[in-house]
Amino acid sequence: MMSRRAERVASIIQQELAMIIMREISDPRLTGMPSITRVKLSDDLSIADVFVTIMGTSGQQNAAINALRHSAGMMRTKLTKVLTLRVAPFIKFHFDENLKRELEVLDLLRKVSQENEELDRKRAESGTVDPSPTEDPPKEI
């Protein structure tokens, strides 16, 4: 858990890096506009783990992350001017695997929902009603 100060600094770093990437990096390897999903700072604020997602093929993604890593020193210099810290943290770029997993889970949930709708529609068309297992059967009087 990051401290409140670390969270504030991480938020500023995320905003500033997004602007730097957008405006000041003209590396031809940077295709598929990278998005910074989150920044995690070490407790002593010396390292900023920057998580990104990048659209494109895996080759394009690898080229883009290498371009970001190549520019990390320049970005750190620019951050030093913006942050109220004596020394800006070292920047480490990582692919955000969490987001990828979340999107896969959402896609699975969407497929399950579609299959359930299809089953419900088929049941409605055939006129058969499947009593749910939690319902008690009708009692004879």
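Throughout, read-outs are computed from the coordinates displayed, never taken from laboratory work. Treat the numbers as computed from the prediction; the structure is a model and nothing was measured. FYI the Cβ positions are ideal-geometry reconstructions off the backbone, even for glycines, and counts take in every protein chain you see.
Note on LYS139 and VAL82: the extension gain reaches 13.1 nm, defined as 0.36 nm multiplied by sequence separation minus the Cα-Cα distance. Taking Cα centre as origin and charging only the Cβ of basic (Lys, Arg, +1) and acidic (Asp, Glu, -1) residues, the dipole magnitude of the range 56-108 rounds to 580 debye. Here is the result for the range 55-126: no chymotrypsin sites (Phe, Trp or Tyr not before Pro) lie in DSSP coil with at most 13 other C-beta atoms within 10 angstrom of their C-beta. Given R0 = 35 Å, the distance between the Cβ atoms of THR37 and ASP120 translates into a calculated FRET efficiency of 0.45.
Give the relative contact order (percent, whole number) for the chain; include only Cα pairs under 8 Å separated by 6+ residues.
The normalised contact order for the chain reaches 21 percent.
Considering every alpha-carbon pair of the range 4-95, the percent of pairs per 10 Å bin, from zero through the bin containing the longest distance, is 17, 54, 24, 4. Exposure proxy ranking for THR84, THR53, THR77, based on other Cβ atoms within 10 angstrom of each Cβ and starting from the fewest, stands as THR84, THR77, THR53. Here the range 56-101 is described by how far its Cα atoms reach on the three principal axes: 38, 21, 13 Å, from widest to narrowest.
Within straight-line reach of LYS122, meaning a Cα separation under 25 Å, sit the following lysines at least 8 residues removed in sequence or on another chain: LYS111.
Averaging Cα coordinates gives a centre for the range 69-133 and one for the range 6-42; these two points are 18 Å apart. Taking label points 7 Å from Cα along the Cα-to-Cβ direction, ALA18 and HIS70 give a separation of 2.5 nm.
Counting beta carbons within 10 Å around each of MET75, MET55 and listing the fewest first gives the order MET55, MET75. Taking ASP44, ASP27, ASP96 in turn, the Gaussian network model of the chain (Cα-Cα springs below 10 Å) assigns the largest fluctuation to ASP44.
In this simple spin-label approximation, ILE25 and SER3 carry label points 7 Å from Cα along the Cα→Cβ vector, and these lie 2.9 nm apart.
When the chain is described by a simple charge dipole with +1 on each Lys and Arg Cβ and -1 on each Asp and Glu Cβ, the residue from SER113, ILE91, ALA63 located farthest towards its positive end is ILE91.
Given +1 at the Cβ of Lys and Arg, -1 at the Cβ of Asp and Glu and no other charges, the dipole of the chain around its Cα centre is 1260 debye to the nearest 20.
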